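Before any comments, here is the structure.
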Amino acid sequence: MFRTGLPSHTLLRAPLLQILLLLVQAVGRGQGRASPAGGPLEDVVIERYHIPRACPREVQMGDFVRYHYNGTFEDGKKFDSSYDRSTLVAIVVGVGRLITGMDRGLMGMCVNERRRLIVPPHLGYGSIGVAGLIPPDATLYFDVVLLDVWNKEDTVQVSTLLRPPHCPRMVQDSDFVRYHYNGTLLDGTAFDTSYSRGGTYDTYVGSGWLIKGMDQGLLGMCPGERRKIIIPPFLAYGEKGYGTVIPPQASLVFQVLLIDIHNPKDTVQLETLELPPGCDRRAMAGDFMRYHYNGSLMDGTIFDSSYSRNHTYNTYVGQGYIIPGMDQGLQGSCVGERRRITIPPHLAYGENGTGDKIPGSAVLVFDVHVIDFHNPADPVEIKTLSRPPETCNKTTKSGDFVRYHYNCSLLDGTKLFSSHDYGAPQEATLGANKVIEGLDKGLQGMCVGERRQLVVPPHLAHGESGARGVPGSAVLMFEVELVSREEGVPEGYLFVWHEDPPANLFEDLDLNKDGEVPPEEFSTFIKSQVSEGKGRLMPGQDPEKTIGDMFQNQDRNQDGKITVEELKLKSDEDQERVHEEL
């Protein structure tokens, strides 16, 4: 594409015989200076031996034309030719600047039409001729091809070849555009194309960077639109033309494909494509977000997609980790929302672009699906779905052994795990690091039969790395129902008394009164205390194993029996340890 104000060659003065073609009904091929009746020709004889299929415009009086010609006499001897000078004839038709026969012969002619004109002497140079060139009373024969026609009243002609169904905005003055084009003269001769350079033509509209006709022809275009723009010479390169590729007084034809458009004053444009119901919270600066996206240029060319990697894009919002336009465009979104974010280049990758897929000055369009977001300071969100009708006097606390059913999913609804798949409730001792921290907290304070919804941020779940089946940095949603609760024992204890222990504990343990307590006597005694409600074992464990561990703790010398010297309550041991530390 050529800019205004560039150097050009000087328009040559037309030769003695300047020829443009006039469309008059063909009278047949003239073979000499006589008419078909044998007398002198009364008018120009026109033979249209090549007529183009399309003829949007015919030469009329007052039009400016450009054409090539060969001029010969009846015997075929050439007396003049524009081809020999490698210069087209450029002249106004029908105003007396041409011989009358040529003025008449050019009327009605189409661009790329070829005619043979027979001009009788009285419509040529008459009985005088041209000294040294045209003898008196000479009949002249011209082979003419019309290459251009325009009028000083012409304006830019715009034809829409393809208009996209979606047009987010149209070109206005001061916009910056990127477009491809093929440039030809009116006869189809190519003079330039952006495609051969492997890049779009990038420029401002209406700011003097383009020829006036192109400035006008681009107005109102949509991204992805194709246009044919015909520009008369006085709105292009005028009398000087441009270099060797655009002759003087040449009409120009551009086939244009608009790639994208923006204005330096543009901000990020947001379009909500889908908004889920019940948006309780919107993303803000400092949140960590996981989202999928398709990234395209304004003409629809895809340059990147998270879906192709089968992995979300995970980042902080509003912290400068992503391009400024995306930082802005993601804020205010809801979990599950789909939105289109259109980012001008000064808020994306600027004039240089990046890599081989995002060109300089490119507008970027992201179709985003927000999967989830959280803040590193978020606690577990707890929502009670239902509670049992009866009064609940005791709720779960750290150390309790609980059984519960659960469904676990991502915030976008993707199902991960469910206790119902195993046909039995999940079991855990609260506060014992048996489940993720967020679920542990969410299960505390519940009544048996209560149902809750828990939203657990990743720092209270599986963190940045995730787990098998759980993506990294994923927010988890649980629906939990407490099935049962057993009161636990303090940390470090295997058995606790509900009341004070027996005053003579060893004597009660020594069932046969032989001064020793073997495992069988120890197990029988502990089981009797549990069955009578005087004490309880650590819940959630095999009672036999727990009792066995208790016996091993008391059998200090590991000889298979407990003596009175070995037997000590854990509370007494803890008290002795405190004194030793003091």
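Among (1) of a type in the set (A, V, I, L, M); (2) under 17 Å from LEU162 (Cβ atoms); (3) in contact with a Phe, Trp or Tyr (Cβ under 8 Å, 6 or more places away or on another chain); (4) open to solvent by 10 Å² or more (accessible area, probe 1.4 Å), there is one condition ILE229 misses while meeting the rest; what is its number?
Condition not satisfied by ILE229: (4).
Applying the selection to segment 265-293, what residues are part of a strand (DSSP E or B) and either closer than 17 Å to TYR349 by Cβ or out of contact with any Phe, Trp or Tyr (no Cβ under 9 Å at 6 or more places or on another chain) (or both)?
Keep residues of segment 265-293 that are part of a strand (DSSP E or B), which gives 269-274, 288-293.
Within segment 265-293, GLN269, LEU270, GLU271, THR272, LEU273, GLU274, TYR293 qualify.
Name the residue, out of ARG169, ARG178, that is basic (Lys, Arg) and either touching a Lys or Arg at 6+ places or on another chain (Cβ under 8 Å) or open to solvent by less than 30 Å² (accessible area, probe 1.4 Å) (or both). Give the derivation first.
On the way: ARG169 fails: either touching a Lys or Arg at 6+ places or on another chain (Cβ under 8 Å) or open to solvent by less than 30 Å² (accessible area, probe 1.4 Å) (or both).
On inspection, the qualifying residue turns out to be ARG178.
Looking only at segment 79-103, filter to residues that are touching a Gly at 6+ places or on another chain (Cβ under 7 Å) and surrounded by fewer than 17 Cβ atoms within 10 Å (Cβ to Cβ); which one of those is farthest from VAL130 (Cα to Cα)?
For segment 79-103, the residue satisfying everything is VAL95.
Looking at MET214, is it aliphatic (A, V, I, L, M) and under 28 Å from the mean Cα position of the chain (by Cα)?
Values: aliphatic (A, V, I, L, M): yes; under 28 Å from the mean Cα position of the chain (by Cα): no.
In short, no.
Out of segment 410-423, which residues are buried (at least 18 other Cβ atoms within 10 Å of the Cβ) and part of a strand (DSSP E or B)?
LEU410
Would you mind finding the one in GLN453, GLN426 that is of a type in the set (S, T, N, Q) and crowded, with 18+ Cβ neighbours inside 10 Å? Break it down into steps so the answer makes sense when it comes.
Numbers: GLN453 fails: crowded, with 18+ Cβ neighbours inside 10 Å.
From the options GLN453, GLN426, the qualifying one is GLN426.
Hey, does segment 401-408 have a residue that's part of a loop (DSSP other than H, G, I, E, B) and under 33 Å from the mean Cα position of the chain (by Cα)? Before you say what the answer is, go through the steps one by one.
Keep residues of segment 401-408 that are part of a loop (DSSP other than H, G, I, E, B), which gives none.
Looking for residues that are part of a loop (DSSP other than H, G, I, E, B) and under 33 Å from the mean Cα position of the chain (by Cα), one finds none in segment 401-408, hence no.
Give me a count of the residues in segment 448-468 that are part of a loop (DSSP other than H, G, I, E, B) and among the basic types (Lys, Arg).
1
Checking GLY431 against (1) in contact with a helix residue (DSSP H, G or I) (Cβ under 8 Å, 6 or more places away or on another chain); (2) in a strand (DSSP E or B), which test does it fail?
(2)
Quick grid of which residues meet (1) without any contact (Cβ under 8 Å) to a residue 12 or more places away in the chain; (2) touching a strand residue (DSSP E or B) at 6+ places or on another chain (Cβ under 6 Å); (3) within 30 Å of VAL530 (Cα to Cα):
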| residue | (1), (2), (3) |
| --- | --- |
| GLU437 | no, no, no |
| GLU450 | no, yes, yes |
| GLN453 | no, yes, no |
| GLU479 | no, yes, no |
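In segment 232-263, how many are of a type outside the set (A, V, I, L, M), open to solvent by 10 Å² or more (accessible area, probe 1.4 Å) and in contact with a helix residue (DSSP H, G or I) (Cβ under 7 Å, 6 or more places away or on another chain)? Lay out the reasoning, then the answer.
So the first thing to find is which residues in segment 232-263 are of a type outside the set (A, V, I, L, M), and the list is 232-234, 237-244, 247-249, 251, 254-255, 260, 262-263.
Now drop any that are not open to solvent by 10 Å² or more (accessible area, probe 1.4 Å), which leaves 234, 237-240, 242-244, 247-249, 255, 262-263.
When the remaining residues are screened for being in contact with a helix residue (DSSP H, G or I) (Cβ under 7 Å, 6 or more places away or on another chain), the result is 249, 262.
Matching residues across segment 232-263 total 2.
Given the condition surrounded by 21 or more Cβ atoms within 10 Å (Cβ to Cβ), free of Cβ contacts under 8 Å to residues at least 40 places away in the same chain and of a type outside the set (Asp, Glu), answer yes or no: does some residue in segment 123-141 qualify?
yes
Kindly evaluate GLU481 against the criterion of being open to solvent by 40 Å² or more (accessible area, probe 1.4 Å), farther than 25 Å from THR429 by Cβ and modelled with pLDDT of 90 or more.
Working: open to solvent by 40 Å² or more (accessible area, probe 1.4 Å): yes; farther than 25 Å from THR429 by Cβ: no; modelled with pLDDT of 90 or more: yes.
Against the criterion (open to solvent by 40 Å² or more (accessible area, probe 1.4 Å), farther than 25 Å from THR429 by Cβ and modelled with pLDDT of 90 or more), GLU481 does not qualify.
Quick test for you: out of TYR313, TYR321, pick the one residue that is under 17 Å from the mean Cα position of the chain (by Cα), open to solvent by 30 Å² or more (accessible area, probe 1.4 Å) and within 27 Å of GLU464 (Cβ to Cβ).
Working: TYR321 fails: under 17 Å from the mean Cα position of the chain (by Cα).
Just one listed residue meets the conditions, TYR313.
Looking at (1) touching a Leu at 6+ places or on another chain (Cβ under 9 Å); (2) open to solvent by 70 Å² or more (accessible area, probe 1.4 Å), which is the one condition that is false for GLY399?
Failing condition for GLY399: (2).
Just for segment 275-299: of the residues that are over 11 Å from the mean Cα position of the chain (by Cα) and acidic (Asp, Glu), which one is modelled with the lowest pLDDT?
For segment 275-299, the residue satisfying everything is ASP280.
For segment 59-79, enumerate the residues that are part of a strand (DSSP E or B) and either more than 20 Å from PRO136 (Cα to Cα) or at pLDDT below 95 (or both).
We begin by selecting, within segment 59-79, every residue part of a strand (DSSP E or B); these are 64-72, 78-79.
If the condition is that a residue be part of a strand (DSSP E or B) and either more than 20 Å from PRO136 (Cα to Cα) or at pLDDT below 95 (or both), then PHE64, VAL65, ARG66, TYR67, HIS68, TYR69 are the ones that fit.
How about segment 325-375: which of its residues are closer than 19 Å to TYR291 by Cβ and in a loop (DSSP other than H, G, I, E, B)?
GLN331, GLY332, SER333, CYS334, VAL335, GLY336, GLU337, ALA348, ASN375 - these are the residues of segment 325-375 that are closer than 19 Å to TYR291 by Cβ and in a loop (DSSP other than H, G, I, E, B).
Could you tell me which numbered condition GLU437 fails, if it satisfies all but one of (1) modelled with pLDDT of 95 or more; (2) within 40 Å of the chain's Cα centre (by Cα); (3) buried (at least 17 other Cβ atoms within 10 Å of the Cβ); (4) not polar (S, T, N, Q)?
So GLU437 meets the others, but not (3).
Kindly establish whether LEU273 is open to solvent by 20 Å² or more (accessible area, probe 1.4 Å) and in contact with a Leu (Cβ under 9 Å, 6 or more places away or on another chain). Spell out how you get there, then give the answer.
Values: open to solvent by 20 Å² or more (accessible area, probe 1.4 Å): yes; in contact with a Leu (Cβ under 9 Å, 6 or more places away or on another chain): no.
So LEU273 fails the test.
Hey, can you tell me all the residues within segment 297-308 that are open to solvent by less than 20 Å² (accessible area, probe 1.4 Å) and within 16 Å of PRO344 (Cα to Cα)? Steps first, please.
Taking segment 297-308 and keeping what is open to solvent by less than 20 Å² (accessible area, probe 1.4 Å), we get 297, 305-306.
LEU297, the sole residue that qualifies.
For residues that are at pLDDT 90 or above and closer than 11 Å to VAL144 by Cβ, scanning just segment 19-58, find the one that is surrounded by the fewest Cβ atoms within 10 Å (Cβ to Cβ).
HIS50
Taking the criterion of being of a type in the set (Asp, Glu), within 16 Å of the chain's Cα centre (by Cα) and loosely packed, with under 15 Cβ neighbours inside 10 Å, would at least one residue in segment 334-356 satisfy it?
Yes - at least one qualifying residue is present in segment 334-356.
What strands (runs of 3 or more DSSP E), lying completely within segment 131-231, carry at least 2 residues that are under 30 Å from PRO264 (Cβ atoms) and touching a helix residue (DSSP H, G or I) at 6+ places or on another chain (Cβ under 8 Å)? Spell out how you get there, then give the answer.
Details: elements: 140-150, 157-162, 176-185, 190-193, 201-204, 226-231.
Qualifying strands (runs of 3 or more DSSP E): 176-185, 226-231.
Among the listed residues TYR313, TYR349, TYR404, which satisfies the condition of being at pLDDT 95 or above, among the aromatic types (Phe, Trp, Tyr) and farther than 27 Å from ALA285 by Cα? First the steps, then the outcome.
Numbers: TYR313 fails: farther than 27 Å from ALA285 by Cα; TYR349 fails: farther than 27 Å from ALA285 by Cα.
Answer to the selection: TYR404.
The values are calculated or read from the model by the stated rules, or taken from the named source; none is laboratory data. Keep in mind the model is a prediction, meaning the values are calculated, not measured. With ideal geometry, Cβ positions are generated from the backbone for all residues, glycine too; neighbour counts draw on all protein chains shown. These accessible areas exclude ligands, DNA and RNA; they are computed on the full protein's heavy atoms, side chains included. Shrake-Rupley method; radii C 1.70, N 1.55, O 1.52, S 1.80 Å.
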